Amino acid sequence: MVNMSGNDEAVIVEELTRRFDDFVAVDRVSFSIERGEVFGFLGPNGAGKSTTIRMLAGLLLPSEGRATVAGLDVAEQTAEVRQQIGYMPQLFSLYADLTVYENLDLYGGLYGLDAGEITSRIDELSELLSLEDSLGKLTDSLSTGWRQRAALACAIMHQPPIIFLDEPTAGVDQRARQRFWDLITDLAAEGTTVLVTTHLMEEAEYCTRLGLISGGRLIAMDTPDELRKKLEGLMYSTTPNERPHEALELLLGEDWVCQATLSGARVRVQVAEDVDDVPDRIRKALEQAEIDAGPVDQVRPSIEDVFVALVSEEQEEEELV
């Protein structure tokens, strides 16, 4: 293994850009990740998350900019980078016609482990990921959640200091998702650096810091709590007694409302700064259509609220240019 660079940054990204002909998939993205950090790259599908992670894994060359992983240049030291990382792509890189054990044995060999190291490591990972009952099964026969665990085991066979996980919990249920994040947290506690991409806003809470990406651009980066502070005191929630879609449209038409979204029958409203008597304003706005707003409460901003607000600000700025 190559030693990590002397500073505390496991990953450094500077103005990283990737073009596909005239399409800019990643647009001058810059960020850094500290050792032992769980850094979340959060954004909708098509935002540029997977393209960024593929560049960092040495699978795709940048069009412009520079990135180092474990002190190694991803464009010039690709082979060395791959020895320092574990990479779990969005589509599991397991061989369907091999058992879980055979996949682990194969990956161990590819990473240069000898037979004794492979056996020892498979035993360790089987216990860590509760794979004992799955080792003899074909990976194609496993549920998505168990294939996910097997794929993670393959990615960390060689005990890499840095792990890249691309949408690792896509397609699994809430229980399996929670277990997977528990494993990620445990790995980080042991000093492993984790970069995880996701479009699931609720997963933001598991991350040390977040980079919010939209349209290939990094629009914000901070801890979840600091990001939420951007909307502190500006979010309200109401559950109208009927016609929630109409209530949403009515509130979106008010000039003191910045954003409004619907979650089930509940309407979440972001108001402009320095707006007074918000509950009364909401009730009166809905009374025009004879809709009872019900209780109106100030609520804690979610990461999704922050993301929607920031994307809206970006769009408004672009319209002014």
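Annotations for the structure displayed:
- Hits in the stretch 62-73 (condition: part of a loop (DSSP other than H, G, I, E, B) and either under 15 Å from Glu9 (Cα atoms) or out of contact with any helix residue (DSSP H, G or I) (no Cβ under 7 Å at 6 or more places or on another chain) (or both)): Ser63, Ala70, Gly71
- One residue from Arg66, Arg35 being among the basic types (Lys, Arg) and modelled with pLDDT under 95: Arg35
- Note on the stretch 239-321: enclosed strands (runs of 3 or more DSSP E) holding 2 or more residues that are in contact with a helix residue (DSSP H, G or I) (Cβ under 7 Å, 6 or more places away or on another chain) and closer than 30 Å to Leu218 by Cβ are 257-263, 266-271.
- Qualifying residue in the stretch 74-94 (condition: in contact (Cβ under 8 Å) with a residue 24 or more places away in the chain, closer than 21 Å to Glu167 by Cα, part of a helix (DSSP H, G or I) and of a type outside the set (A, V, I, L, M, F, W, C)): yes
- Residue that is farthest from Gln84 (Cα to Cα) [pool: residues in the stretch 179-204 that are of a type in the set (A, V, I, L, M, F, W, C) and not in a helix (DSSP H, G or I)]: Leu200
- If you filter the stretch 102-118 down to residues that are without any contact (Cβ under 8 Å) to a residue 24 or more places away in the chain and loosely packed, with under 13 Cβ neighbours inside 10 Å, you find that the one that is nearest to Tyr87 (Cα to Cα) is Leu110.
- Residue count for the stretch 86-101, restricted to those that are crowded, with 16+ Cβ neighbours inside 10 Å and farther than 23 Å from Ala176 by Cα: 0
- Residue ID - modelled with the lowest pLDDT, chosen from residues in the stretch 167-181 that are within 15 Å of the chain's Cα centre (by Cα), surrounded by fewer than 22 Cβ atoms within 10 Å (Cβ to Cβ) and not hydrophobic (A, V, I, L, M, F, W, C): Gly171
- Long-range neighbours under 6 Å by Cβ, at least six apart or interchain, first residue exposed (fewer than 14 other Cβ atoms within 10 Å of the Cβ) within the stretch 124-145, second of a type in the set (D, E, K, R): none
- Any chance Thr198 is of a type in the set (S, T, N, Q), surrounded by 22 or more Cβ atoms within 10 Å (Cβ to Cβ), in contact with a Gly (Cβ under 8 Å, 6 or more places away or on another chain) and more than 23 Å from Ile122 (Cβ to Cβ): yes
- Qualifying position, being crowded, with 16+ Cβ neighbours inside 10 Å and without any contact (Cβ under 8 Å) to a residue 40 or more places away in the chain, among Arg217, Arg228, Arg268, Arg209: Arg268
The values are calculated or read from the model by the stated rules, or taken from the named source; none is laboratory data. As the structure is a computational prediction, the values presented were derived from the model and not from experiment. Note: ideal-geometry Cβ built from the backbone for every residue, glycine included; neighbour counts use all protein chains shown.
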